[in-house]
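Everything on this sheet refers to the single structure shown next.
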Amino acid sequence: MSYDSNTTALVETEKLTRAQKTGASVICFFAFFVVYFLMSGPLIWIEDKMKFKPYTKSLHVMYAPLVLVAKSDMSPASDIIKSYVQLFKN
């Protein structure tokens, strides 16, 4: 594969700015928590079907922060978490 001088010049001018890096970091941060929350229901459903101790233990460790919020009296957050997880329980 060969590169010409135009390609090299183009790559050098497309450096990310600080605002772009910050924006990408914020988007990734929120995407992680959305996926973390959305996966809690299906993972609990799998745990309910499998009854496999190591999986259950790892799930309890991974989702300990979410469980703490669900058990607390933080009204909107705990209610949302409980309602969502209840969709996946039998």
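The values are calculated or read from the model by the stated rules, or taken from the named source; none is laboratory data. Note that the structure is a prediction, hence the values are computed from the model and not measured. With ideal geometry, Cβ positions are generated from the backbone for all residues, glycine too; neighbour counts draw on all protein chains shown. In case anyone asks, the SASA skips ligands and DNA or RNA and just uses the protein heavy atoms, side chains included. Shrake-Rupley method; radii C 1.70, N 1.55, O 1.52, S 1.80 Å.
Key figures
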| read-out | value |
| --- | --- |
| Qualifying residue in the range 70-84 (condition: at pLDDT below 90 and open to solvent by less than 70 Å² (accessible area, probe 1.4 Å)) | yes |
| Residue check for VAL26: surrounded by 11 or more Cβ atoms within 10 Å (Cβ to Cβ) and assigned to a helix (DSSP H, G or I) | no |
| Residue within the range 58-74 that is over 17 Å from PHE33 (Cα atoms), of a type in the set (Asp, Glu) and assigned to a helix (DSSP H, G or I) present | no |
